[in-house]
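Have a look at the structure below, then the notes.
The values are calculated or read from the model by the stated rules, or taken from the named source; none is laboratory data. In this text, all values refer to a predicted model and were calculated from it rather than measured experimentally. Here the Cβ is made from the backbone with ideal geometry for all residues, glycine too, and neighbour counts use every protein chain on show. The accessibility values were calculated without ligands, DNA or RNA, using every heavy atom of the protein model including side chains. Shrake-Rupley method; radii C 1.70, N 1.55, O 1.52, S 1.80 Å.
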Amino acid sequence: MKTKVKASQGERLSQLIFDDIGVAKNLFGEYNINLKLIEKALGINIHIRGTQISIQGPDLGVSQAEKLLTELYELIRNGNSLSGSEIKQALRISNTDPQVNLKELFSDTIYLSSKQRKVTPKSLMQSKYVEAIRKFDVVFAIGPAGTGKTYLAMAMAMNLLMKKEVNRLVLARPAVEAGEKLGYLPGDLFEKVNPYLRPLYDALHDMVDYEQASKLVERGTIEVAPLGFMRGRTLNNCFVILDEAQNTTSEQMMMFLTRLGFDSKAVITGDITQVDLPADKSSGLIEARGILQGIPGIEFIHFSEKDVVRHPLVQEIIKAYEKAKKC
């Protein structure tokens, strides 16, 4: 790819010439939809002529567009398929940190099976989170819903399980009531707590075929259980995930953390703004953040609404609630 740059009063005009017409068409998107997204987000104008594009607008917007298009072009040329949502994610990441290396970020891939099924971090903090799980034995992920805390932990766990670097995957969640009373629900204990574990099963089935997941659960290679079932155990050669950890008590959190045996990893996820414990109980996650910060081998990752990768309105909803709480 070649670049030509011209200057004009109040604005900058830049020209990018791409070498591969097939890659360029993938980058531009059908009916140039990707370029239109970039134009709108950065407040610039893009004109196309074959594999050559002209970018005109404020200097900052033009510079961002140059960097973004150059890095996305290289990603596609290297075999990465980028959807419209990923282009939006790249724009959001670029706006958060203009110096970020998008090629490096999008190439940080977690492979889940021999079929090359993969999961890729969608933000800078998600990338830091994945790297933290690789490096540290205990990782706390704290932040709002939709930031990929549980999903990425599950992906890393499945990756290590498939590579036989761990023997088992244990998924735990506190069965804390949030409005309803467990005693009023029909069925035995398992049927009552199962709805609380459903999100863990959903994430699992999103990564491996239902039949394969069922076999792994039946064999005990993957265990999904309420937090209370962890008491008295020692978990060796395991990847352990504690989800919704904001709803643990101090005693439960200490109990969970002391289950960790040799050659094991633990990831603890939670949103400290969504505590459903009784008013007289303090959150074990909030307490752990104060007590364990700075211990070698333990890492804390903090997500914000900027890392939400659900519907764009979810970010606005989270910001609105946070603003209301401050008033």
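Brief remarks on what is shown
For (1) touching a strand residue (DSSP E or B) at 6+ places or on another chain (Cβ under 6 Å); (2) under 20 Å from L75 (Cβ atoms); (3) hydroxyl-bearing (S, T, Y); (4) crowded, with 23+ Cβ neighbours inside 10 Å, each residue gets a yes or a no:
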| residue | (1), (2), (3), (4) |
| --- | --- |
| Y129 | yes, no, yes, yes |
| F140 | yes, no, no, yes |
| T147 | no, no, yes, yes |
| Y151 | no, no, yes, no |
| M162 | no, no, no, no |
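- Breaking point among (1) over 22 Å from G148 (Cβ atoms); (2) open to solvent by less than 80 Å² (accessible area, probe 1.4 Å); (3) at pLDDT below 95, for K326: (2)
- If the condition is being within 26 Å of the chain's Cα centre (by Cα) and open to solvent by less than 40 Å² (accessible area, probe 1.4 Å), then the range 35-71 contributes L35, I38, L42, Q64, A65, L68, L69, E71.
- Looking only at the range 9-41, residues that are touching a residue at least 40 places away in the same chain (Cβ under 8 Å), over 25 Å from G79 (Cα atoms) and either basic (K, R) or outside any strand (DSSP E or B) (or both) come to 2 in all.
- Residues that are part of a helix (DSSP H, G or I) and in contact (Cβ under 8 Å) with a residue 40 or more places away in the chain were ranked within the range 75-92; the one that is nearest to the chain's Cα centre (by Cα) is Q89.
- Pairs with Cβ under 9 Å, 6+ apart, first in the range 199-219 and outside any helix (DSSP H, G or I), second hydroxyl-bearing (S, T, Y): V208/S113; D209/S113
- Comparison of I268, I286, I241 shows that the only residue that is of a type in the set (A, V, I, L, M, F, W, C) and open to solvent by 30 Å² or more (accessible area, probe 1.4 Å) is I286.
- Total residues in the range 42-59, condition touching a helix residue (DSSP H, G or I) at 6+ places or on another chain (Cβ under 8 Å) and in a helix (DSSP H, G or I): 1
- Residues that are more than 18 Å from A24 (Cα to Cα), at pLDDT 80 or above and open to solvent by 10 Å² or more (accessible area, probe 1.4 Å) are absent from the range 72-90.
- Filter result for the condition that a residue is modelled with pLDDT under 85, assigned to a loop (DSSP other than H, G, I, E, B) and open to solvent by 20 Å² or more (accessible area, probe 1.4 Å), over P121, P98: P98
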